[in-house]
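The structure appears below as structure tokens.
The values are calculated or read from the model by the stated rules, or taken from the named source; none is laboratory data. Being a predicted model, the structure only gives us computed values, none of them experimental. Neighbour counts are summed over all protein chains in view; Cβ atoms, including those assigned to glycine, are modelled from backbone coordinates with ideal geometry. Accessible surface is based on the protein model in full, side chains and every heavy atom, while ligands, DNA and RNA are left aside. Shrake-Rupley method; radii C 1.70, N 1.55, O 1.52, S 1.80 Å.
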Amino acid sequence: KAKADGKNLYRFFDASMNSLSEERFVLIKDLRDALKRQELILFYQPKVDLRSGKLVGAEALIRWQHPERGLMAPGQFIELAEETGLIVEIGDWVLEEACRRCKSWHQAGYVDFEIAVNLSSVQFARGNLTAQVEKALRQSGLEGKYLELELTESLLLGEGENIQSQLNDIKKHGVSFSIDDFGTGYSNLGYLSKYPLDALKIDQSFVRKIHDSKQDLNIIIAIINIAKSLDLTVIAEGIETHENLQQLTQLGCQFGQGFHWAKPQSPEDFLTYVARNIDAK
Ligand code: C2E
Ligand code: MG
Ligand code: MG
Ligand code: MG
């Protein structure tokens, strides 16, 4: 039925309806249902203190267990969720689920674990993100200091005032902020001192090439220096090899994530991993 409706709609708006727009329409409908049907899942990738080798927590990364398409990665549906506004509802769920899960780790004895959650700029545009974060913390009983929100450079370069006041309000709960994929976006760094930030995440594209390219190595060194002078922590993404790990540790990078330790995994698998690797070195 939905498929037929979709066809009529597209014929009305766009005479050149093609299979791509039809597939898109079907996927939007599926995504609308995904939350109610509990098809969305958070996977967790460990975050490690590079010097001590200790696990300090995890980043929550969304997956969609689609009934026909199988397990879908965020690259296959987050953009669609943003374009349709569905990311608002999905983002609320992500926050609540991630905080709940982190609290359950604390109750399992991993009392200091932190959870990092990716935010979309659309969630800020809506305006009540602060209330949503407060709700997620209240409902889960998680202390704000264990929650880290990952922002993008493009978000921070958007309309400033509103974002600034939202970040300040959220910050009052002890929540921290990091910039994801740092270095891939813009050369304008003015926003770094304007917002209440705590960490920079070096994009994996630099980390991957650190041994082959002097330029990428220099970019990483520059990012670490910027972070030091602004009193920000540095997290390297996409550490895949022991070599990557050694070099980044030597350069003074404090935290890391990557396949060297583990891929993002289901909550159950993550806990098994944690039990075996509480010292991940
Ligand atoms: P991100 O936040 O930069 O997450 C890092 C991505 O790199 C993840 O892809 C992760 O699986 C992958 N990765 C981690 N370590 C390695 C490694 O060593 N090697 C390689 N090759 N890849 C590694 P994933 O899970 O497909 O997520 C892609 C992006 O989707 C994320 O990038 C984030 O921007 C977005 N995303 C994920 N979950 C959410 C969510 O709940 N909300 C929003 N708004 N965006 C999300
Ligand atoms: Mg991230
Ligand atoms: Mg990233
Ligand atoms: Mg990324």
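Remarks
- Those trypsin sites (Lys or Arg not before Pro) in segment 118-189 that DSSP places in a loop and that have at most 12 other beta carbons within 10 Å: Lys172
- Within the chain, helix-based [θ] at 222 nm, where runs of 4 or more DSSP H residues each add -39,500 (n - 2.57), nearest 500: -14500 deg cm²/dmol
- With contacts taken as Cα pairs under 8 Å and at least 6 residues apart, segment 203-281 reaches a relative contact order of 26 percent.
- Calculated over the chain: convex hull of Cα atoms, volume per residue (Å³): 154 Å³
- Here's how it looks for Phe177: its modeled amide H is under 5 Å from those of Leu149, Asp198, Ala199, which are all 5 or more places away or on a different chain.
- Ser154 accessible area, 1.4 Å probe, all protein chains in place, Å² to nearest 10: 60 Å²
- Note on segment 87-235: Lys pairs 8 or more places apart or on different chains, Cα atoms under 19 Å apart, count 14.
- In percent, rounded to a whole number, the relative contact order of segment 19-136 is 23, using alpha-carbon pairs under 8 Å and six or more apart.
- Contact order for the chain, expressed relative to its length and based on alpha carbon pairs under 8 Å spaced 6+ residues apart, stands at 18 percent.
- Under the Karplus curve 6.51 cos²θ - 1.76 cosθ + 1.60, θ = phi - 60°, whole-Hz ³J(HN,Hα) for segment 262-277, x wherever Gly or Pro sits: 6, 7, x, 9, 4, x, 5, 5, 4, 5, 4, 4, 4, 4, 7, 10
- Taking amide H as placed 1.01 Å from N in the peptide plane, Gln265 has its amide H under 5 Å from the amide H of Tyr44, Gln45, each at least 5 places away in sequence or on another chain.
- Plainly put, segment 212-261 has a radius of gyration that is 0.96 times its Kirkwood radius, both from alpha-carbon atoms, as the Rg/Rh ratio.
- Phi-based couplings in Hz for segment 201-209 (Karplus 6.51, -1.76, 1.60; Gly and Pro marked x): 9, 5, 4, 5, 4, 6, 4, 4, 9
- When Trp105, Trp93 are compared by accessible surface with a 1.4 Å probe, the order from highest to lowest is Trp93, Trp105.
- In segment 32-97, GluC sites (Glu not before Pro) in a DSSP loop with at most 13 other beta-carbon atoms within 10 Å: Glu68
- In this structure the chain gives 49 Å² per residue of accessible area when probed at 1.4 Å with all protein chains present.
- Rg [Å, one decimal], Dmax [Å, integer] - segment 124-281, C-alpha atoms: 16.9, 48
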